[in-house]
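Quick note: the coordinates plus some simple rules give every number you see, no bench work behind them. The structure presented is a predicted model; accordingly, all values stated were derived computationally and were not measured. For neighbour counting, all protein chains shown are included, and Cβ atoms are generated from backbone atoms with ideal geometry for every residue, glycine included.
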Amino acid sequence: MGGVGKTQLAARFARQLVERRQLDLLVWVTASSRDAIVARYAEAATVLGLAGASVADSDAATRLLAWLAHTERRWLVVLDNLDSPADAAMWWPPMSVAGRTLVTSRVRGACQMNCG
């Protein structure tokens with residue numbers, strides 16, 4: 001359901017990690033489409049110095065995911081409002097001791113079988 005506070009809960013969780021100094025990188029993605037996910041990942045890759053402006057968004061996003069898989073920095077990727085899990089199928093953050101992925105969705109059980 002919409003309007004029940006999923007985004008606010010995710011924001012509170014992220015804020016708590018920051019306040020406790022348990023987070024080095026937060027990538028917040030309004031996951032309304034595949035293109036939105038890739039664009040936000042590409043932006044994060046640019047901020048981290050993993051890709052320049054001339055690198056295609058999909059290549060920059062791939063670089064971010066590879067970096068997340070190997071970094072020791074503590075990270076959180078929030079896929080907010082992921083109502084179509086297929087949009088994230090090729091762009092799921094890697095399993096990592098250092099990282100976490102949090103998903104909000106209006107679709108009940110959206111990622112139980114379809115994500116990552």
The chain: most fluctuating residue of 24, 57, 87 per GNM, C-alpha cutoff 10 Å: 24
Among 30, 48, 89, whose Cα lies farthest out toward the positive end of the dipole of segment 13-100, if unit charges sit on the beta carbon of Lys, Arg (+1) and Asp, Glu (-1)? 48
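Given Cβ point charges of +1 (Lys, Arg) and -1 (Asp, Glu) and nothing else, what value in debye, to the nearest 20, does the dipole of the chain about its Cα centre take?
Values: 13 positive and 10 negative charges, 103 e Å.
Computed charge dipole of the chain: roughly 500 debye.
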Let me check I've understood the local charge: for residue 50, count other residues with C-beta under 12 angstrom from its C-beta, Lys and Arg +1, Asp and Glu -1. What total comes out? -1
Residues with amide H under 5 Å of residue 78's amide H, sequence separation 5 or more or different chain, H placed in the peptide plane at 1.01 Å from N; which? 27, 28, 29, 102
List, in order, the whole-Hz ³J(HN,Hα) value for each residue of segment 63-70 obtained from phi through the Karplus relation with A = 6.51, B = -1.76, C = 1.60 and θ = phi - 60°; use x for Gly and Pro. 5, 4, 4, 5, 5, 4, 5, 10
Under 5 Å from the placed amide H of residue 33, counting only residues 5+ away or on other chains, we find none
